[in-house]
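Participant: Attaching a single structure in structure tokens format; questions to follow.
The values are calculated or read from the model by the stated rules, or taken from the named source; none is laboratory data. Remember, predicted model here, so these are calculated numbers, not experimental data. Cβ atoms come from the backbone with ideal geometry, glycine included; neighbour counts cover every protein chain shown. Heavy atoms of the whole protein, side chains included, go into the accessibility calculation; ligands, DNA and RNA do not. Shrake-Rupley method; radii C 1.70, N 1.55, O 1.52, S 1.80 Å.
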Amino acid sequence: MKKLRTVLACTGILLAGVCSSQHIPLNALPMLSNGGFAGEAGNLRVNAGFGFYNFQAMNHHNYYASGDHFIKKISTGLGITAVRNTFSMHDYLFGKLRRNERFLIAAISPKISFKGKYTLAPFINLIYSEVDYQAPDSVWWHNTSREAMTARYGFLFNGRNFYVGL
């Protein structure tokens with residue numbers, strides 16, 4: 001049994017390096033997938049991490065942090081998530097290409113309880129994003145920067161053994 005656990009652990013480590021480990025792990029930032037998760041832990045929840053990928057001419061780094069808290073007096077979850085991605089590669093035709101992305105997401109999610117067994121959590125996310133592209137002057141989009149302020153909304157329905165979100 002010990003050998004099987006060792007084999008499974010080694011396999012997981014090797015696959016993590018091959019299977020796009022530079023991306024944010026699934027559910028590491030639950031509010032990124034659904035803002036209704038803001039405050040779901042009941043207490044202060046903080047998460048931070050980073051990922052990197054270096055292979056020959058490509059380089060990718062990301063940094064992320066998230067925090068949320070449930071405020072009992074107003075029965076609402078509040079959260080904030082920050083993500084920064086940097087991707088660069090050396091192209092033999094155009095030279096060094098680089099893309100920087102920054103996102104700041106605020107989540108507000110009131111909680112509506114049904115007999116303490118189920119919770120409906122509608123949410124709204126306010127999202128600020130910046131994206132910069134940089135390339136040598138030989139490329140027509142040599143320095144481009146875009147900023148945007150957007151919003152998204154939906155809900156999360158929780159039970160003890162399941163959740164459904166939109």
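Participant: Which condition does Pro136 not pass, out of (1) in contact with a His (Cβ under 7 Å, 6 or more places away or on another chain); (2) of a type outside the set (A, V, I, L, M); (3) farther than 18 Å from Tyr163 by Cα; (4) surrounded by 16 or more Cβ atoms within 10 Å (Cβ to Cβ), if it passes all the others?
Facilitator: Here Pro136 clears every test but (4).
Participant: If you take the residues in region 117-132 that are open to solvent by less than 70 Å² (accessible area, probe 1.4 Å) and out of contact with any Phe, Trp or Tyr (no Cβ under 6 Å at 6 or more places or on another chain), which one is modelled with the lowest pLDDT?
Facilitator: Asp132
Participant: Quick one: in region 27-64, of everything that is touching a Leu at 6+ places or on another chain (Cβ under 7 Å) and over 19 Å from Ile124 (Cα atoms), which residue is surrounded by the most Cβ atoms within 10 Å (Cβ to Cβ)?
Facilitator: Tyr64
Participant: State all residues of region 102-116 that are more than 18 Å from Gly39 (Cβ to Cβ) and surrounded by fewer than 16 Cβ atoms within 10 Å (Cβ to Cβ); if no residue qualifies, say none. Explain how you work it out, then say what you get.
Facilitator: Applying the first criterion (more than 18 Å from Gly39 (Cβ to Cβ)) to region 102-116 yields 102-104, 115.
Result: Leu104, Lys115.
Participant: Tell me, which strands (runs of 3 or more DSSP E) lie completely within region 70-166 with 1 or more residues that are within 27 Å of Gly51 (Cβ to Cβ)?
Facilitator: Here the list reads 76-91, 95-110, 118-134, 143-158, 163-165.
Participant: Something else: Report, by residue number, each residue of region 65-84 that is in contact with a Pro (Cβ under 7 Å, 6 or more places away or on another chain) and open to solvent by less than 20 Å² (accessible area, probe 1.4 Å).
Facilitator: Selection gives Thr76 alone.
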